[in-house]
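Asker: Okay, here's the structure, questions in a sec.
The values are calculated or read from the model by the stated rules, or taken from the named source; none is laboratory data. Keep in mind that what you see is a predicted model, and the values were worked out from it rather than measured. Every residue, glycine as well, gets a Cβ built from its backbone with ideal geometry; the counts of neighbours run over all protein chains shown. Each accessible area value is taken on the protein alone, full model and side chains, heavy atoms only, with ligands, DNA and RNA left out. Shrake-Rupley method; radii C 1.70, N 1.55, O 1.52, S 1.80 Å.
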Amino acid sequence: MRESSNPVFRSLPKEQQGGYAQFGTGAAGYGAQAVHADPYVAQQYPDQQQAGVSRPLTIDDVVTRTGITLAVVTAVAAVSYFMVDANQGLLFPLFLIGSLGGLGVLLLAMFGRKQDNPAIVMTYAAFEGLFLGSASYLFANLVSTGGPAMIFQAVVGTLGVFFGMLVVYRTGAIRVTPKLTRMIVAGMFGVLALALVNILFAVFTGNAPLTNGGPLAIGFSLLCIALAAFSFLIDFDAADQMIRAGAPEKAAWGIALGLTVTLVWLYLEILRLLSYFNND
């Protein structure tokens, strides 16, 4: 069983033997027997086993829950953006509330194993919307001169990468293997280490080479975008294996949460990259 690079997926049900390029298939043949047959699923969702609930997770559940989560993020982000546009004094309060609140809820979901709780997921989406709206205003109007057009470009780019990687996964053009997963996880730890070093440079020298818009900053953004894109492959594979294992339908909320985390990361990195090219 492959471990996802996305921490949200790591404590969700896993299938003992999975494949690739089968996202959303195989679910129709699973009922209550599939839920009970997988010991990990039964352990993760004991209430499903006791109640004898027969409906397993399907691709429609994943699409619906993910769509709802992203709709909340988008709506709150739009409100946050226009609030900051009307009063720039709200920028940092909304930025801090959204980022810290979203991080806190995400940690609660992961360590409390509450990824499949819709209230938790919706709360995360609301906080993330506050953060994205204020961050979008910051990058598009203060850090650069890109404006709303740059935000639109970042959204289109994010959706393009997402659907592009979905096609790559479905066609099996890139196979999800343990080696690929280890490489992506190692890359994420490397990016985190570089980000910390960049902060130290900014504190002690007043210069942040990975975020100052120079060649190194552009290269770092491209690296982060590539890692986020390849993370989708592993996220799709983890979701696929849960569907094939016959996990209960409420697991779709956890999948939606994991995909949203990766989408937010990708959007921010694309927005940051575009801001470098729209900085007079």
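Asker: In whole angstrom, note down how far apart the Cα centers of the stretch 56-104 and the stretch 171-209 are.
Answerer: Their Cα centres are 25 Å away from one another.
Asker: How do 259-266, 117-124 rank on mean C-beta neighbours within 10 Å, highest first? Show your work: numbers first, answer last.
Answerer: Working: 259-266: 22.6, 117-124: 19.0.
Ranked from most to least packed, the peptides come out as 259-266, 117-124.
Asker: Of the peptides 166-177, 139-150, how do they stack up when ordered by the mean number of other Cβ atoms within 10 Å, highest first?
Answerer: The densest-packed peptide leads the list: 139-150, 166-177.
Asker: I've got another one for you. Full extension from residue 74 to residue 92: what is 0.36 nm times the residue separation minus their Cα-Cα distance, to one decimal in nm?
Answerer: Values: separation 18, 0.36 × 18 = 6.48 nm, distance 1.90 nm.
Full extension from residue 74 to residue 92 adds 4.6 nm.
Asker: Per-residue accessible area for residue 72 at 1.4 Å probe radius, Å² rounded to 10?
Answerer: Surface open to solvent at residue 72 totals about 40 Å².
Asker: Could you work out the equivalent-ellipsoid semi-axes for the stretch 59-278, taking the square root of 5 times each eigenvalue of the Cα gyration tensor, largest first, in whole Å?
Answerer: 28, 22, 17
Asker: List every residue whose amide H lies under 5 Å from the amide H of residue 212, counting only residues 5 or more places away in sequence or on a different chain, with H placed 1.01 Å from N in the peptide plane.
Answerer: Sorted by chain and number, the residues that satisfy this are 217.
Asker: Per the Kirkwood formula on distinct C-alpha pairs, the Rh of the stretch 204-269 is how many angstrom?
Answerer: Computed over the stretch 204-269, the radius equals 13.9 Å.
Asker: Would you kindly derive the ³J(HN,Hα) couplings of the stretch 133-150 from the backbone phi angles with the Karplus curve 6.51 cos²θ - 1.76 cosθ + 1.60 (θ = phi - 60°), listing them in order in whole Hz, with x for Gly and Pro?
Answerer: Values per residue, Gly and Pro as x: x, 5, 5, 5, 5, 4, 6, 7, 10, 10, 6, 9, 10, x, x, x, 4, 5 Hz.
Asker: Give the distance, in whole Å, between the Cα centre of the stretch 212-280 and the Cα centre of the stretch 121-140.
Answerer: 15
Asker: Which order, highest average first, do 195-201, 271-277 follow once you tally other Cβ atoms within 10 Å for each residue and take the mean per peptide? Intermediate results must be reported in sequence, preceding the final value.
Answerer: Working: 195-201: 13.6, 271-277: 20.3.
In descending order of packing, they fall as 271-277, 195-201.
Asker: Additional query: Gain in length, residue 173 to residue 64, computed as 0.36 nm per residue apart minus the alpha-carbon separation, to one decimal in nm?
Answerer: 36.6 nm
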